[in-house]
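Asks: Mind having a look at this structure? Questions to follow.
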Amino acid sequence: MKPANTALSRYGATIFETMSQLARETNAINLGQGFPEGCEPREIVERAAKALLEESNQYPSMMGLPALRQAVVAHDRDFYGLELDWQSETLVVSGGTEALAASLLALIDPRDEVVLIEPVYDTYLPLIQLAGGVAKIVRLSPPEWRLPLDELAAAFSDRTKLILFNSPMNPTAKVFSRAELEAIAALAIKFDVYAICDEVYEHLVFDGDTHIPLITLPGMRDRTIRIGSAGKTFSLTGWKVGYIVAAPPLIERIVRAHQFLVFTTPPNLQSAVAYGLAKDRAFFTDFTATMQAKRDRLIGGLEASGFTAAPCPGTYFVNVDIDSVGFNGDDAAFCREIIETAGVAAIPISAFYASAPETRFARFCFAKPDEMLDEASARLKRRFG
Ligand code: PMP
Ligand code: GLN
């Protein structure tokens with residue numbers, strides 16, 4: 001048989017699929033792959049059920065339902081003071097994953113350089129390679145996950161097409177500061193490049209802090225692609241409903257890729273997400289507060305077993321340093337071992353690196369029912385406490 005596509009054939013199954021499969025086989029508590037179990041808002045699910053029965057089940061416009069596009073505009077005006085035109089500056093896509101694929105395939109030509117920040121979410125590098133782009137990777141330094149601004153500046157050149165990053169950031173839980181965003185914006189403007197901002201965790205910023213979209217910074221409005229996902233905002237990861245906002249010429253380019261990738265997204269789910277986005281402020285602040293309480297609950301449990309947790313200002317992931325319990329081996333070995341000996345699944349952070357890191361962290365997802373978090377903590381305590 002002739003070989004498969006070289007960009008893709010170097011990759012096996014994703015770490016999330018692998019660990020979830022292992023968790024299923026061993027009946028472990030799955031705090032690995034990030035899916036917010038037991039957190040789904042019932043009224044939004046009911047709204048989708050109603051839409052399935054009472055609304056169209058045919059292809060909607062490839063741009064998305066007007067109701068959802070208008071809801072995205074209202075949401076972004078409310079939360080960030082962004083003024084967007086729903087017809088030319090929004091696009092509905094099949095999840096953050098398709099948003100990334102369509103944006104990267106729309107903009108990258110072979111040999112274009114793309115600046116990435118490592119640890120890097122698993123989808124980014126394969127898609128850049130598929131488009132023929134060349135990744136320039138800047139590594140954050142743990143445990144504060146500081147962005148080295150000199151190295152960031154050195155990664156940019158006349159060959160740079162775009163920077164792609166994620167804030168709040170999976171897997172580090174880092175929330176980029178305004179100063180860091182300003183430094184990124186200054187480089188994007190200096191080198192005249194695009195910025196793709198994966199902001200799927202925008203409503204998971206804790207301790208009274210707020211999310212700052214890069215697109216709101218001076219000089220960034222026309223060069224930034226902002227990605228959101230109902231999977232994260234409404235704890236409905238299986239729905240795969242995402243949205244992109246960007247200036248009209250960027251949306252036009254991205255649509256050219258979107259129309260050949262999936263073309264459109266289930267209309268009934270779009271309808272229910274439009275309903276969700278129109279919820280009042282209290283809905284979103286309650287969501288953030290609930291997740292913050294879960295963060296504190298799991299960190300408390302992990303600390304009781306002797307783990308040191310890294311700071312967790314955002315996302316629904318907390319990282320623990322495996323050195324803190326004296327584990328002798330790398331993070332991948334640690335995650336395999338705790339599935340077997342404690343019955344708890346986590347994700348090794350080394351999976352988010354293009355080349356081996358010096359870090360030894362395991363990532364636990366806390367978007368789970370409290371009883372599940374408590375049981376996982378108890379199991380880890382029996383093993384390490
Ligand atoms: N970006 C990041 C950083 C993510 O963590 C995820 C999913 N967990 C996605 C994108 C993909 O989002 P979706 O499930 O909406 O495709
Ligand atoms: N983004 C989720 C995580 O980080 C997983 C999504 C997936 O499996 N593709 O756990």
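Asks: Using only helices, what value at 222 nm comes out for the chain when you add -39,500 (n - 2.57) per DSSP H run of length 4 or more and divide by the total residues, to the nearest 500 deg cm²/dmol?
Replies: Value at 222 nm, helices only: -13000 deg cm²/dmol.
Asks: Amide H neighbours of Val344 under 5 Å, at least 5 residues apart or on other chains, H built in the peptide plane: list them.
Replies: Ile29, Ile339
Asks: Apply the Debye scattering formula to the stretch 272-385, with a single equal point scatterer on each alpha-carbon and no solvent, then give log10 I(q)/I(0) at q = 0.20 Å⁻¹.
Replies: Taking Cα atoms of the stretch 272-385 as identical point scatterers yields -1.03.
Asks: Could you count how many Lys pairs in the chain have their Cα atoms under 15 Å apart, skipping same-chain pairs fewer than 8 positions apart?
Replies: Number of lysine pairs found: 5.
Asks: Rounding to the nearest 20 debye, state how big the charge dipole of the stretch 170-264 is about its Cα centre with +1 on each Lys and Arg Cβ and -1 on each Asp and Glu Cβ.
Replies: Dipole of the stretch 170-264, to the nearest 20 debye: 280 debye.
Asks: Roughly speaking, what is the stretch gain from Arg256 to Ala7, that is 0.36 nm per residue apart minus the C-alpha to C-alpha distance, in nm to one decimal?
Replies: 87.5 nm
Asks: I've got another one for you. At 25 °C and a viscosity of 0.890 mPa s, what translational diffusion coefficient does Stokes-Einstein give for the stretch 107-187, taking Rh as the Kirkwood radius over Cα pairs? Give it in µm²/s as a whole number.
Replies: 189
Asks: Report, to one decimal in Å, the Kirkwood hydrodynamic radius for the stretch 53-164 based on all distinct Cα pairs.
Replies: Mean inverse Cα-Cα distance, inverted, gives 16.6 Å.
Asks: Could you tell me what % of all Cα pairs in the chain have separations over 34 Å?
Replies: 27
Asks: Can you send over the carbon and sulfur percentage of the accessible area for the chain, probe radius 1.4 Å, protein chains only?
Replies: Of all accessible area on the chain, carbon and sulfur atoms account for 51 percent.
Asks: Given Ile212, Ile244, Pro369, which one lies farthest toward the positive end of the charge dipole of the chain, if we put +1 on the Cβ of every Lys and Arg and -1 on the Cβ of every Asp and Glu?
Replies: Ile244
Asks: Which of the GluC sites (Glu not before Pro) found in the stretch 140-246 are loop residues per DSSP with 12 or fewer other Cβ atoms within 10 Å of their Cβ?
Replies: Sites meeting the loop and neighbour criteria: Glu144.
Asks: Mean projection of the alpha-carbon convex hull of the stretch 219-336 over all orientations, in nm²?
Replies: Directional mean of the projected Cα hull area for the stretch 219-336 stands at 11.2 nm².
Asks: Do any GluC sites (Glu not before Pro) in the stretch 298-372 lie in a DSSP loop with no more than 14 other beta carbon atoms within 10 Å, and if so, which?
Replies: Here the GluC sites (Glu not before Pro) that fit, given the DSSP loop and packing criteria, are Glu358.
Asks: Let me check I have the definition right: for the stretch 308-349, take the eigenvalues of the Cα gyration tensor, multiply each by 5, take square roots. What are those semi-axes in whole Å, largest first?
Replies: 19, 13, 8
Asks: Ok, one more. How big is the dipole moment of the chain about its Cα centre under a simple scheme where the beta carbon of each Lys and Arg is +1, that of each Asp and Glu is -1, and everything else is neutral? Debye, nearest 20, please.
Replies: Taking the Cα centre of the chain as origin, the dipole is about 540 debye.
Asks: Right, something else. Please report the Cα spread of the stretch 1-69 along all three principal axes, rounded to whole Å, starting with the longest.
Replies: Computed over the Cα atoms, the extents are 45, 38, 20 Å.
Asks: Based on alpha-carbon centroids, what's the gap between the stretch 220-260 and the stretch 195-212 in Å, whole number please?
Replies: About 15 Å separates the Cα centre of the stretch 220-260 from the one of the stretch 195-212.
Asks: Report the chymotrypsin sites (Phe, Trp or Tyr not before Pro) located in the stretch 9-96 that are in a DSSP loop and have at most 13 other Cβ atoms inside 10 Å of their Cβ, or state none.
Replies: Tyr11
Asks: Turning to a different aspect of this structure: How long is the gain from Val134 to Glu358 if the chain were fully straight, where each residue apart is worth 0.36 nm and the alpha carbon distance is subtracted?
Replies: Fully extending the segment from Val134 to Glu358 adds 78.3 nm.
Asks: What number comes out for accessible area per residue over the chain if the probe is 1.4 Å? Units Å², please.
Replies: Heavy-atom accessible area per residue stands at 42 Å².
Asks: Could I ask something else about it? Whole-Hz Karplus ³J(HN,Hα) for the stretch 53-58, in order, using 6.51 cos²θ - 1.76 cosθ + 1.60 and θ = phi - 60°, x for Gly and Pro?
Replies: Using θ = phi - 60°, the values come out as 7, 10, 10, 5, 10, 10 Hz.
Asks: Sorting check: for 253-260, 94-101, which peptide has the highest mean count of neighbouring beta carbons within 10 Å, and how do the rest follow?
Replies: Ranked by mean Cβ neighbours within 10 Å, highest first: 94-101, 253-260.
Asks: Per-residue HN-Hα couplings for the stretch 64-71, Karplus 6.51 cos²θ - 1.76 cosθ + 1.60 at θ = phi - 60°, whole Hz, x for Gly and Pro?
Replies: Running phi through 6.51 cos²θ - 1.76 cosθ + 1.60 with θ = phi - 60° gives x, 5, x, 4, 6, 5, 5, 5 Hz.
The values are calculated or read from the model by the stated rules, or taken from the named source; none is laboratory data. Treat the numbers as computed from the prediction; the structure is a model and nothing was measured. Note that each Cβ is placed from the backbone with ideal geometry, even for glycine, and that neighbours are counted across all protein chains shown. Areas reflect the complete protein model, heavy atoms only, side chains present, ligands, DNA and RNA absent. Shrake-Rupley method; radii C 1.70, N 1.55, O 1.52, S 1.80 Å.
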